[in-house]
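S.K.: Encoded as structure tokens, here's the structure I'll be asking about.
Values in this text are rule-based calculations from the coordinates and carry no lab data. Since the model is a prediction, treat every value here as computed from it, not as a measurement. Because the Cβ atoms are built from the backbone with ideal geometry, glycine has one as well, and the counts that use them run over all protein chains shown.
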């Protein structure tokens, strides 16, 4: 494969819809866990894409959720992802989009991570997405609570029926 940088607009068109699947996670302060996930990307007439995500345990108990927006920085053709979590964490991530045919990669690294006074300390994040062979997979890396930068979550999602 030969991935080359492309306009983020091409990717945003292909992301729209609802995606679901299963993931797994771990971090030094917690044991390994599995989860079910739903992510929705919805395009606005103004050009940005709203992002919503929620996870449940395999038994259906709520685990995590976050909301945000994706937008294109037209000055340098990068993709920006802004995320807010109810746990008191806000992220601004920036990165390039690359493409090989119908497959896309967008690797976004935190420009800013802000936390409320009661939130867990998180100093850096990276979200690495791959839209390949019709599936959306990702890895979430983070540097938090005194631990070095490392993978925390990974999942593979498929487009939901009717999306």
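S.K.: Comparing 29, 121, 16, which has the greatest mean-square fluctuation in the GNM of the chain with Cα pairs linked when under 10 Å apart?
M.R.: 29
S.K.: Provide 113, 145, 38, 97 in ascending order of the number of other Cβ atoms located within 10 Å of each residue's Cβ, fewest first.
M.R.: Values: 113 20, 145 12, 38 16, 97 24.
Lowest to highest Cβ neighbour count: 145, 38, 113, 97.
S.K.: Just need the relative contact order of the chain here, percent rounded to a whole number, with Cα pairs under 8 Å and 6+ apart.
M.R.: Reported as a whole number, the value is 20 percent.
S.K.: Further question: Counting each pair of different Cα atoms once, what's the Kirkwood radius of region 1-88 in Å, rounded to one decimal?
M.R.: That comes to 14.9 Å for region 1-88.
S.K.: Follow-up. Mind sorting 2, 160 by how few other Cβ atoms lie within 10 Å of their own Cβ, fewest first?
M.R.: 2, 160
S.K.: Where Rh denotes the Kirkwood radius from the mean inverse Cα pair distance, what is Rg over Rh for region 59-163?
M.R.: That ratio is 0.99, to two decimals.
S.K.: Just want to confirm a number: the relative contact order over region 1-96, from Cα pairs under 8 angstrom separated by 6+ residues, in percent.
M.R.: 18
S.K.: Follow-up question, since we're still on this one. Return 103, 34 ranked ascending by Cβ neighbour count within 10 Å, so the fewest neighbours appear first.
M.R.: Fewest to most other Cβ atoms nearby, the residues stand as 34, 103.
S.K.: While we're here: Run lengths n ≥ 4 of DSSP H only: what is the helix-derived mean residue ellipticity at 222 nm for the chain, with -39500 (n - 2.57) per run over all residues, to the nearest 500?
M.R.: -1500 deg cm²/dmol
S.K.: With a 10 Å cut-off between alpha carbons and a GNM built on the chain, which of 50, 26, 110 moves the most?
M.R.: 26
S.K.: Among 149, 35, 138, determine the one that fluctuates most according to a GNM of the chain built with springs between C-alpha atoms less than 10 Å apart.
M.R.: Answer for the Gaussian network model of the chain: 149.
S.K.: Ok, one more. So if I take the centroid of the Cα atoms in region 57-89 and the same for region 91-163, what is the distance between those two points in Å?
M.R.: Computed from Cα coordinates, the inter-centre distance equals 9 Å.
S.K.: Translational diffusion coefficient of region 104-163 at 4 °C, 1.567 mPa s, Stokes-Einstein with Kirkwood Rh over Cα pairs, in µm²/s as a whole number.
M.R.: Diffusion coefficient, whole number: 99 µm²/s.
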